[in-house]
Amino acid sequence: MTQSTQMPNRTNRAIRRYIKLYLLLIRTSIRSRMQYRFNFALGSILAALIQLSEFLMVAIVLAKFGAVQGWSVYEIGYLFAVMTFSKTLYRTFGDEVHHLESYLVEGELDQLLTKPLPVLLSLMPRSFRLMLGEVIQGTAIMIWAFGGMLGSGQITWWAIPQTVFAILTGAVVLFAIGLATATCGFWTTRISMLQNMTEDAAQTAARYPLTLYPNWMGGLLLTAIPVGLVNYLPALYILRGELGIWVFPLLAAAACLALLLALRFWTFGMSKYQSTGS
Amino acid sequence: MISFRTLLYNGNTRLYLALASKAYARNIQYRGSHLLHNFASAVFGYLYACIWIGLGRDHSLGEYGMIGMMQYITFTQASLWVSSFTTNGLGIPQSVRTGQISLDLMRPVHLFAHLAAKEAGQIAYQFLYKSIPVYLIMLLALGLMPAEGGRTLPLALLALTGSAYLSICIGYLIGISALWTTESSWLHWGNQAIMNLLAGFFIPLQWLPLWLQQIAWASPYPFMLYAPTQLYLGKGDPALLLGTLAWCTVLTLVCLLATHVMRRKVEVQGG
């Protein structure tokens, strides 16, 4: 066997070993959560109710005023559901990235630095978050929105695989935004205020069509904090036939670029990390 | 039991004032950082205002109009720091997890009054260092003047004081539930979500469907945000304050009763 064939084999073995370890850590995380079954069930029900009440606020506005900037209630429901699914995927696998502040404040990140894995890979599986409530709510709204639009002939069944693609690329974009925001914590330690703006406020904004906002804000939500790529841009093509099929390669490229930039920023931030512990 | 405890409150006024002022003083150490957080809160408020501005371009916004809805969101966003963003379960869930709750119950002070006094200090701090800056930032960002030239502010602030007390009572009841569930953060978040809907944070209550309006008015939530905001906008009847007073009385009794029940339920966790 030549040296050039040995190298990929070694990389493949390392990746397989890591995936095995990741699955084991996820199983452990689920098992620890299931020690408190009542809490898990109550948390899931309440999470679904919280999500439902948030959608009700949007639905009530639509019921009162009809279409929003030409977007029907089903289309807005679709925007809401895609954002819910993408966010659920991101937080299911990357919840600890969102909670990096506690690691920085308590000095717990030091422990992760001693592990024989990249810090990000040992951080992520520490909490595999089962977000059953969000899945139930997202599914219910998506079925309702799809039912309405399929019934009126606005979309075809092709919209389903296209939407799955948008949800996946959207999750990557949200993860990249979350990772870049968390990385700022290597300088500022506290990141909750920044997360309020780049994650919470931005995701809330993207539940409505971006044309509702001033131009500068719409532009910001498509570039600097690109939550508009999660649901608004794909919806323009999938639901309204605007733009073109090139939206999908664009989404994939944007998601890859966002992830790459966030990872590079993370690596740079890690090199500047100073422990806060005593 | 309840009347005995009521007597106990009267004798401890100085203690409760000390607890409130300590909670206030603890927070003031971080006022620089908290003032920065206000920027994030104002961004949220600005975003909600933008949604109404966008809607106002195509639709008439009823009795409020676009300016009225901007005033509405400005006041509700600033008031959240008094009526909604209180300590999760007044810190009881944490006490349950560490076992501290058993010591708290042994103190010669009623648990409800003790925690309510501490939270009152916290809310007073949040009002001064969060609500007022957020209100001013939003007025500036949206180019507004105080509604009715500020003449309605005293009455609105009186309603907001009642709202703060209601939020303390609800927080206490959520905290007490941790004795049965060990974890009540979901109830805390659930309460905030319901409040956004039923207290009229984003949508005035008269625009809700009738069935939801009926549910809202059967709860204390409208008196926590909607009533103070209506008084601020000069659209509310001062008699709304009677509703606030009635709910304050009812929830106080429920909190005292709940404390009586929870005393029989304490299990010390950990070891």
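The values are calculated or read from the model by the stated rules, or taken from the named source; none is laboratory data. Quick caveat: nothing in here was measured; it's all calculated off a predicted structure. Backbone-built Cβ (ideal geometry, glycine too); neighbour counts: all protein chains shown.
Just a few scattered comments:
- Cross-chain or 6+ apart pairs with Cβ under 7 Å, segment A:217-244 first and within 23 Å of B:Ala141 (Cα to Cα), then not aliphatic (A, V, I, L, M): A:Met217/B:Cys50; A:Gly218/A:Thr211; A:Leu221/A:Gly228; A:Leu222/A:Gly228; A:Ile225/A:Thr198
- Just one of the listed residues (A:Glu101, A:Glu96, A:Glu108) is within 25 Å of A:Phe265 (Cβ to Cβ) and surrounded by fewer than 17 Cβ atoms within 10 Å (Cβ to Cβ), and it is A:Glu108.
- Counting only helices (runs of 4 or more DSSP H) that fall entirely inside segment A:108-163 and contain at least 3 residues that are within 23 Å of A:Ile238 (Cβ to Cβ), the qualifying elements are A:132-151.
- The helices (runs of 4 or more DSSP H) found entirely in segment B:173-226 that carry 1 or more residues being more than 10 Å from every other protein chain (Cβ to nearest Cβ) and touching a Leu at 6+ places or on another chain (Cβ under 9 Å) are B:178-181, B:210-217.
- The set of residues in segment A:172-195 that are polar (S, T, N, Q) and more than 11 Å from every other protein chain (Cβ to nearest Cβ) comprises A:Thr181, A:Thr183.
- For segment A:237-266, residues that are part of a helix (DSSP H, G or I) and loosely packed, with under 13 Cβ neighbours inside 10 Å total 4.
- For segment A:28-87, taking the residues that are of a type in the set (Phe, Trp, Tyr), closer than 30 Å to B:His59 by Cα and more than 9 Å from every other protein chain (Cβ to nearest Cβ), the one that is nearest to the chain's Cα centre (by Cα) is identified as A:Phe80.
- Selected residue [in contact (Cβ under 8 Å) with a residue 60 or more places away in the chain, hydroxyl-bearing (Ser, Thr, Tyr) and under 13 Å from B:Thr76 (Cα atoms)] from B:Tyr129, B:Tyr135, B:Tyr172: B:Tyr135
- Taken over segment B:184-199, the criterion of being under 13 Å from the mean Cα position of the chain (by Cα) and not hydrophobic (A, V, I, L, M, F, W, C) is satisfied by B:His188, B:Asn191, B:Gln192, B:Asn196.
- Here A:Ala176 fulfils each of the conditions (1) surrounded by fewer than 23 Cβ atoms within 10 Å (Cβ to Cβ); (2) assigned to a helix (DSSP H, G or I); (3) not aromatic (Phe, Trp, Tyr) apart from (1).
- Among the residues making up segment A:199-209, those that are more than 10 Å from chain B (Cβ to nearest Cβ) and in a helix (DSSP H, G or I) are A:Glu199, A:Gln203.
- From the options A:Leu263, A:Leu259, A:Leu229, residue that is farther than 21 Å from A:Leu120 by Cβ and at pLDDT 90 or above: A:Leu229
- Going through (1) in contact (Cβ under 8 Å) with a residue 40 or more places away in the chain; (2) surrounded by 16 or more Cβ atoms within 10 Å (Cβ to Cβ) one by one, B:Pro146 falls short only on (1).
- When we screen A:Leu259, A:Leu212 for residues that are in contact (Cβ under 8 Å) with a residue 12 or more places away in the chain and more than 30 Å from A:Ser72 (Cα to Cα), the only hit is A:Leu259.
- Scope segment A:105-143; condition over 22 Å from the mean Cα position of the chain (by Cα) and on the phi < 0 side of the Ramachandran plot; matching residues: A:Val105, A:Glu106, A:Glu108, A:Leu109, A:Asp110, A:Gln111, A:Leu112, A:Leu113, A:Thr114, A:Lys115, A:Pro116, A:Leu117
- Residue within segment B:62-77 that is buried (at least 20 other Cβ atoms within 10 Å of the Cβ) and in contact with a Lys or Arg (Cβ under 7 Å, 6 or more places away or on another chain) present: no
- Any hit, segment A:103-117, residues being over 27 Å from A:Gln162 (Cα atoms) and within 14 Å of chain B (Cβ to nearest Cβ): yes
- Screening A:Thr188 with (1) surrounded by fewer than 23 Cβ atoms within 10 Å (Cβ to Cβ); (2) farther than 19 Å from A:Gln69 by Cβ; (3) modelled with pLDDT of 85 or more gives one miss only, at (3).
- Condition check for A:Ala63: free of Cβ contacts under 8 Å to residues at least 40 places away in the same chain and under 13 Å from A:Arg207 (Cα atoms): no
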